[in-house]
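Just so you know, all these numbers are worked out from the coordinates, no wet-lab data involved. These numbers come from a predicted model, not from an experiment. Cβ atoms come from the backbone with ideal geometry, glycine included; neighbour counts cover every protein chain shown.
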Amino acid sequence: MNKVERKDHWENIYKTKGHQEVSWYQNVPSTSLAFFKEFAVPLDAKIIDIGGGDSFLVDHLLEMGYQHISVLDISEAAIKKAKIRLGDKAILVKWIVADITTFEPTEIYDFWHDRAAFHFLTNEDEINHYIAKVKNHIAKNGLFVLGTFSENGPTKCSGIEIKQYSEESISEKMGKYFKKIKCLAVDHMTPFNTIQNFVFCSFKNNL
């Protein structure tokens, strides 16, 4: 799937499906929020959520008082839905419509969050480019939290092939650039009452 096809695919998904019709829906993204609380991320931290277009994470971060939140998604339709949901609060967020493989950040972030965007990258060049991008645009001692389908999870999502990861394979990919803090396995209950197994890993940029 080339970049144009990838964008068209996700625009169609978000234009035609509601929250309860997509497997990744979470009213409360508890695993992601737990990292913010565990690491006591300051309210003035610069945060970016990759692939977070219509995710409810931004809603909760705003409620918690975070002041510098950026949300990136390839789908303009996804971001438009989030803006409508947030109403007047949407102006408090920096919205970025971009493919992460071609996005060139102009800021340095204190917290880089990615739940289930990274595993759609199956080309090694794109994977390595993504990792280098995080390294170059995350603050010294900044945090990087990554959630992907585990080796016990699906092999496809939304009809697209994904790349499964284990704690070991994520650690191997990221270990030369970041210090691993911890990894954990998480079962996500979809709106269809099925279980998807994820692995979440946290890293610090202090190497």
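Worth pointing out:
- Here the Kirkwood formula, the inverse mean of 1/r across different C-alpha pairs, assigns the range 108-207 a hydrodynamic radius of 13.9 Å.
- The amide H of I181, built 1.01 Å from its N in the peptide plane, has S202, F203, K204 as neighbours under 5 Å, considering only residues 5 or more places off or on other chains.
- The ranking of H19, H60 by Cβ neighbour count inside 10 Å, starting from the fewest, reads H19, H60.
- Mean projected area of the convex hull spanned by the Cα atoms of the chain, taken over all viewing directions: 10.4 nm².
- Dipole in debye (nearest 20) - the range 85-207, about Cα centre, beta carbon charges: Lys, Arg +1; Asp, Glu -1: 440
- Listed residues V186, Y66, G87: farthest to the positive end of the dipole of the chain (Cβ charges): Y66
- For G52, distant residues with modelled amide H under 5 Å away: L72
- Close amide H partners of A45, meaning residues 5 or more places away or on another chain with modelled amide H under 5 Å apart, are Q67.
- Exposure proxy order (Cβ contacts within 10 Å, fewest to most) of V41, V71: V41, V71
- For Y165, neighbours were defined as the other residues whose beta-carbon sits under 10 Å from its Cβ, and their charges (Lys and Arg +1, Asp and Glu -1) total -2.
- Based on alpha-carbon atoms, the Kirkwood radius and the radius of gyration of the range 160-207 give Rg/Rh equal to 1.08.
- Within a Gaussian network of the chain (alpha carbon springs, distance under 10 Å), most fluctuating of A82, A34, A185: A34
- For the chain, built as a Gaussian network whose Cα springs stay under 10 Å, the top-fluctuating residue of E151, E161, E172: E172
- In the calculated pair-distance distribution of the range 1-115, the portion above 20 angstrom amounts to 40 percent of the Cα-Cα pairs.
- Cysteines without a disulfide-compatible neighbour (Cβ-Cβ under 4.7 Å), the chain: C157
- When each of H188, H129 is scored by the number of other beta-carbon atoms lying within 10 Å, the sequence from fewest to most is H129, H188.
- Charge dipole (debye, nearest 20) of the range 1-159; +1 at Cβ of Lys and Arg, -1 at Cβ of Asp and Glu: 240
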